[in-house]
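**Q** Just passing along the structure, written as structure tokens.
The values are calculated or read from the model by the stated rules, or taken from the named source; none is laboratory data. Only a predicted model underlies this, so the values are computations on that prediction, with no experimental measurement involved. Heads up, the Cβs are rebuilt from the backbone with ideal geometry, glycines too, and the neighbour counts pull from every protein chain shown.
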Amino acid sequence: MLRILNIADVVFFLDRLRIASMSKSPFRLQSLAEPAIIGLCGFLRFSPCAQEFFSRIAHHQNLSGKFSAGTRFGLFVLAVVFLISAVPAQASTVVLQGGFGYPATNAATGGAIDPGFEVSVGAFDDGFDPTAAPSDLPALLAAWNEYAKTTTAVIDGVAGSFYLKHINNDPAFAGKKIHLFFTRTTDHASPAADGSNVTDYGVFTRSADAAWTFPAVGPDVMPPADLVQLNTAQIDSALWGAADTSALTLAFKAGTNNSAAAWNDWVASVFGQNTDPSTIDPNAVSGSTGLQNFVAFALNTNPVAPTAPAYTTITDDSTGRIGIEFTRTKSSGYSATAQASLNLSTWDLPLTEQIVSDTTDTETVRAFPVFPEGTDTAKAFFRIQVQAVGQD
């Protein structure tokens, strides 16, 4: 932000303007090319003409007869630019660019984060060490001070990208270490204070670089000292998550039993040493089941060598209702939900769920429809919807 000029500034500039404009010919723009060229040369400080112009201004000398009206106009514009550029800034500006060759990726599959999840730029409370317990998400959130935030998006065709430019006049951030705080939530909302709606998150910074420090704010700070320009390729420190030469990867919050490694472990158990992207990609279809890899992962099944179907239909012995039973991987980054229909057109038949087996990594679910009165309870259609957590 620019400092508001005081009355002395205004009088000084108007006085220079009065002196410089003293001429027998009207003050008018005679040529667009001439002032543009002179202005550019003056800006680069390569123009003797521009140097003499400013020297005459400084010494209250008359400019008439020395410079054409067009030249004077161009140099006046340049004088204004120099006057403004020399005004101290009373706010700091942070520009952040991420995703271009260095996207943010999720913990479940390592794929790019879907659009709409928060990327927060800020700093932690003085005296709080985020490296001491980065797994304590509620403590991190309580000590976090947000400077500005944006959301992930697809930019120029690159998913997991984001861009932010923000001006802030709060001096409390000056001199503090800049961190990025990514959160992926179940509802695309901001993280709850206790982190209950967060599935995975990441905290990143650059370990030792003065450029990753919020600039000072005040009347003595001259541009460009008020500006910080960052990009994610500069990050070399992940307090929670992972940062390498290709991406920033979030990690599941503590208390869940899965992490980015869970997907890698599942891929290794199913495909062995096969690292062909067309085979192990989450959206690829492998084996004879016809399931995409991420679906098979979420349903805890092996698509290449299945030992059991991904789901089975069952009957409630006490009521005769037909239902469905399936096993889903807990905290996989995906939700697996049973849906029922009477006609294959609408899938809004209510279901009641019952967990019949619960282990560290999986849970087996039985779901029974709530049939309308008078409906044959032994007939229904079922399907399982699998989607990334937080996806609409």
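**Q** Of all residues in the range 315-366, which are of a type in the set (A, V, I, L, M) and under 34 Å from the mean Cα position of the chain (by Cα)?
**A** Going through the range 315-366, the residues of a type in the set (A, V, I, L, M) turn out to be 322, 324, 336, 338, 340, 342, 344, 349, 351, 355-356, 365.
Passing the criteria: Ala336, Ala338.
**Q** Going through the range 136-181 one residue at a time, which ones are more than 19 Å from Thr249 (Cα to Cα) and basic (Lys, Arg)?
**A** Lys165, Lys176, Lys177
**Q** Next question, about the same structure. Test each condition in (1) on the phi > 0 side of the Ramachandran plot; (2) loosely packed, with under 15 Cβ neighbours inside 10 Å; (3) part of a strand (DSSP E or B) for Glu146 and report the one that comes out false.
**A** (1)
**Q** Another one. In the range 214-242, which residues are farther than 30 Å from Phe252 by Cβ and touching a Lys or Arg at 6+ places or on another chain (Cβ under 9 Å)? Talk me through it step by step, then tell me what you get.
**A** Residues of the range 214-242 farther than 30 Å from Phe252 by Cβ: 215-229.
Correct list: Pro219 only.
**Q** Same structure, new question: Do you know which of the residues in the range 199-217 that are part of a loop (DSSP other than H, G, I, E, B), in contact with a strand residue (DSSP E or B) (Cβ under 7 Å, 6 or more places away or on another chain) and in contact (Cβ under 8 Å) with a residue 60 or more places away in the chain is farthest from Thr151 (Cα to Cα)?
**A** If we take residues in the range 199-217 being part of a loop (DSSP other than H, G, I, E, B), in contact with a strand residue (DSSP E or B) (Cβ under 7 Å, 6 or more places away or on another chain) and in contact (Cβ under 8 Å) with a residue 60 or more places away in the chain, then Val217 is farthest from Thr151 (Cα to Cα).
**Q** Continuing with this model, one more query. For the range 218-226, does any single residue satisfy the condition of being within 21 Å of the chain's Cα centre (by Cα) and either in the same structural domain as Leu239 (by TED's automatic domain parsing) or part of a strand (DSSP E or B) (or both)?
**A** No, the range 218-226 contains no residue that is within 21 Å of the chain's Cα centre (by Cα) and either in the same structural domain as Leu239 (by TED's automatic domain parsing) or part of a strand (DSSP E or B) (or both).
**Q** Taking the range 359-382 as the region of interest, how many residues are surrounded by 14 or more Cβ atoms within 10 Å (Cβ to Cβ) and under 17 Å from Ser341 (Cα atoms)?
**A** Residues that pass the stated criteria total 9.
**Q** State the number of residues belonging to the range 363-379 that are touching a strand residue (DSSP E or B) at 6+ places or on another chain (Cβ under 8 Å), β-branched (Val, Ile, Thr) and part of a loop (DSSP other than H, G, I, E, B).
**A** Selection size over the range 363-379: 2.
**Q** Continuing with this model, one more query. Looking at (1) closer than 15 Å to Gln385 by Cα; (2) under 34 Å from the mean Cα position of the chain (by Cα); (3) crowded, with 16+ Cβ neighbours inside 10 Å, find the lone condition where Asn283 falls short.
**A** Evaluating Asn283 over (1) closer than 15 Å to Gln385 by Cα; (2) under 34 Å from the mean Cα position of the chain (by Cα); (3) crowded, with 16+ Cβ neighbours inside 10 Å leaves (3) as the failure.
**Q** Tell me, yes or no, whether the range 196-207 has at least one residue that is modelled with pLDDT of 90 or more and over 15 Å from the mean Cα position of the chain (by Cα).
**A** Within the range 196-207, one or more residues are modelled with pLDDT of 90 or more and over 15 Å from the mean Cα position of the chain (by Cα).
**Q** In the list Asn293, Asn300, which residue meets the criterion of being more than 21 Å from Ala380 (Cα to Cα), surrounded by 18 or more Cβ atoms within 10 Å (Cβ to Cβ) and either touching a Pro at 6+ places or on another chain (Cβ under 6 Å) or not assigned by TED's automatic domain parsing to the domain that holds Pro350 (or both)?
**A** Only one candidate qualifies: Asn293.
To keep it simple, each residue is scored yes or no on (1) part of a helix (DSSP H, G or I); (2) modelled with pLDDT under 80; (3) assigned by TED's automatic domain parsing to the domain that holds Arg206.
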residue: Leu230; (1), (2), (3): no, no, yes
residue: Ala233; (1), (2), (3): yes, no, yes
residue: Leu239; (1), (2), (3): no, no, yes
residue: Thr245; (1), (2), (3): no, yes, yes
residue: Ser269; (1), (2), (3): yes, no, no
residue: Thr279; (1), (2), (3): yes, no, no
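**Q** Tally time: how many residues in the range 312-355 are part of a strand (DSSP E or B) and more than 28 Å from Asn197 (Cβ to Cβ)?
**A** Number of matching residues: 8.
**Q** Looking at Thr150, Thr205, can you tell me which residue is farther than 19 Å from Ser237 by Cβ and among the polar types (S, T, N, Q)?
**A** After ruling out the rest, the residue left standing is Thr150.
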